[in-house]
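Structure, as structure tokens:
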């Protein structure tokens with residue numbers, strides 16, 4: 001596996017081996033596969049003796065470096081753990097990123113604990129108001145990125161506009177969509193629909209943001225149709241929508257299995273279909289679409305589902321590597337810089353406009369400098 | 001069909017014959033069934049010649065009274081239509097309720113138009129901060145009421161507490177649940193989870209509200225498990241969740257049909273199952289669970305789905321009759337009066353408490369009057 005385009009060798013991805021329902025066994029098994037079969041460079045963070053013992057079992061003790069972390073965020077620990085446990089495996093992994101010894105972090109720990117710890121340790125990127133968790137929904141033919149799915153419950157309109165920037169950069173790097181179409185999640189397709197925050201965000205987005213392809217409002221039933229590449233919402237609504245989706249898919253599958261069972265004629269077919277149905281349910285369940293990616297911090301954090309087994313961890317490692325190799329943090333920096341959202345920036349822009357206008361009125365010498373227009 | 005328990009004959013339910021994708025034919029067909037087969041008293045509101053012609057076709061011209069309304073809210077008209085069209089069929093039906101000539105209203109017109117018109121004409125019940133739309137979800141074994149599903153996008157915590165009161169009264173009257181368990185929709189089961197509004201609403205509800213059985217926080221994936229009888233949320237989140245649910249169910253069914261089609265062995269079974277699958281999809285689609293009920297106004301408004309055909313309209317008429325006969329408006333009035341939510345009421349309550357405390361300190365004669373406690 002090669003480094004980035006500067007020719008430097010890629011920094012490794014740090015894996016929190018202690019987070020998740022099946023840690024450390026399944027986490028380490030997944031990491032080993034990522035190294036062996038995909039050539040991803042990793043560093044394993046956690047209680048060194050346990051990690052070493054697992055690596056021994058896989059016969060790769062010397063191939064994968066280990067960084068010791070005394071503490072572990074428990075699966076029932078929330079945000080406060082980030083303060084209480086400064087030497088948790090997540091905190092140590094963040095430190096590796098901060099000091100340039102890792103490019104990204106993968107953890108299957110609790111979302112609340114991982115988000116709080118990485119916000120505290122990595123800090124927000126310059127210009128980013130709030131971080132957001134991007135989740136890739138299993139839509140066809142192309143996936144849809146939903147953000148924020150739970151990092152920031154209360155947002156201002158300007159933060160929603162930034163989420164559009166984060167989502168655009170993410171869809172470009174992770175999904176390879178050149179000009180991702182961004183929809184704003186609301187209730188009703190018309191511009192005037194939604195709550196106050198969304199209505200204002202619509203104005204800001206519809207006004208044109210450099211590099212963001214705004215496709216207008218989308219509704220809850222558009223989430224799974226692949227209507228847009230990126231759906232932007234606050235972390236409260238996004239999390240409710242995501243869990244509602246999972247619940248509805250589960251219910252539909254349960255109902256269906258009931259329907260198949262209840263018909264004698266169908267029983268035979270149902271037996272034959274069981275494997276296919278299982279595959280379908282897996283595709284619609286959160287355990288397979290692989291958790292979320294925390295965007296907007298000085299380092300990329302892939303939050304795998306707590307129930308992740310080895311295969312999901314391997315995917316998470318590949319995604320983290322891909323995002324780091326695609327310079328997601330730098331892409332976000334550039335996109336945020338081009339997005340006119342913060343009040344400060346808006347005020348600066350207005351002041352510049354006013355001055356230019358006055359200069360024009362008084363001197364009528366030349367056009368005021370053009371503000372960035374939407375589109376490339 | 002008998003009147004209410006005062007022995008007076010029941011006032012008729014007013015039907016907006018002009019609203020809906022299949023108006024007026026299917027609306028009137030549904031109304032005729034409600035009268036003929038269920039003995040519900042109705043009054044049909046709409047363009048009299050067209051309504052009369054339809055009734056002629058059904059051979060019931062003289063049995064069902066008609067009230068003429070010149071105008072109709074178009075299906076693409078939003079909230080502004082309530083001001084532009086003071087003589088729309090919805091506005092005229094509201095007038096019948098206000099003047100005591102109808103007990104409730106059924107319309108399959110646009111939600112935005114029907115909500116705006118009835119808010120304007122019927123006004124909020126005394127003490128009600130904001131109206132809410134209750135939708136009954138197809139959970140098993142018992143249905144769950146979700147509110148608000150779209151009437152009020154921006155709410156204060158006090159309004160969420162009132163929604164708990166509205167939902168309690170509704171579940172009692174419409175579903176016959178004596179002590180409905182109420183959950184607060186948020187992101188995470190712990191009390192501290194959610195956005196600012198929800199966290200404060202949790203405090204108010206957990207503090208105890210007379211007559212409301214608060215069961216704590218619920219998440220998106222609890223909506224369809226029947227975990228609680230009533231789920232309370234703001235109209236923005238509720239609408240997103242409802243549409244997400246519909247979208248997810250549709251996607252799951254489409255995927256499933258694809259899966260069944262793709263297996264040759266299963267094709268035969270699939271043909272046999274088609275009718276069952278159709279029934280399942282219907283159960284999960286919004287067209288069947290019959291729209292919502294706007295609660296909190298001086299009159300009950302049943303908003304049937306825009307795509308409603310005769311059968312859905314008949315159900316809506318029965319529901320409207322049942323709600324009126326169950327004195328839903330009075331139940332809500334009593335429940336709201338018992339709920340300590342508005343700041344004014346809270347302040348009054350605090351003042352009264354303080355005075356009572358001072359009186360006790362100075363005179364130590366008797367206990368201050370007890371404040372209402374949670375529970376019956």
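The values are calculated or read from the model by the stated rules, or taken from the named source; none is laboratory data. Just so we're clear, the structure is a prediction, and the values are computed from it rather than from any experiment. Glycine also receives a Cβ, built like all others from the backbone with ideal geometry; neighbour counts cover every protein chain displayed.
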*Taking into account only those residues within the stretch A:140-180 that are more than 19 Å from residue A:335 (Cα to Cα) and surrounded by fewer than 18 Cβ atoms within 10 Å (Cβ to Cβ), which is modelled with the lowest pLDDT?*
A:140
*Residue selected from the stretch A:181-192 under the condition buried (at least 22 other Cβ atoms within 10 Å of the Cβ) and within 11 Å of chain B (Cβ to nearest Cβ), by the criterion farthest from residue A:216 (Cα to Cα)*: A:187
_Exactly one condition in (1) within 17 Å of residue A:103 (Cα to Cα); (2) at pLDDT 95 or above is false for residue A:68; which is it?_
(1)
*Could you check how many residues of the stretch B:115-131 are within 22 Å of residue B:307 (Cα to Cα) and within 14 Å of another protein chain (Cβ to nearest Cβ)?*
2
_Out of B:77, B:63, I need the residue that is assigned by TED's automatic domain parsing to the domain that holds residue B:305 and within 25 Å of residue B:113 (Cα to Cα). Which one?_
B:77
*Would a scan of the stretch A:229-246 turn up a residue that is at the interface with another protein chain (Cβ under 10 Å from one of its Cβ atoms), surrounded by fewer than 24 Cβ atoms within 10 Å (Cβ to Cβ) and touching a residue at least 12 places away in the same chain (Cβ under 8 Å)?*
yes
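So which residues in the stretch A:180-194 are assigned to a loop (DSSP other than H, G, I, E, B) and in contact with a strand residue (DSSP E or B) (Cβ under 6 Å, 6 or more places away or on another chain), if there are any at all? Reasoning before the result, please.
First, pick out the residues of the stretch A:180-194 that are assigned to a loop (DSSP other than H, G, I, E, B): A:180, A:186-194.
The answer is A:180, A:186, A:189.
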*Condition test on residue A:249, is it touching a residue at least 24 places away in the same chain (Cβ under 8 Å), at the interface with another protein chain (Cβ under 8 Å from one of its Cβ atoms) and farther than 18 Å from residue A:130 by Cβ?*
yes
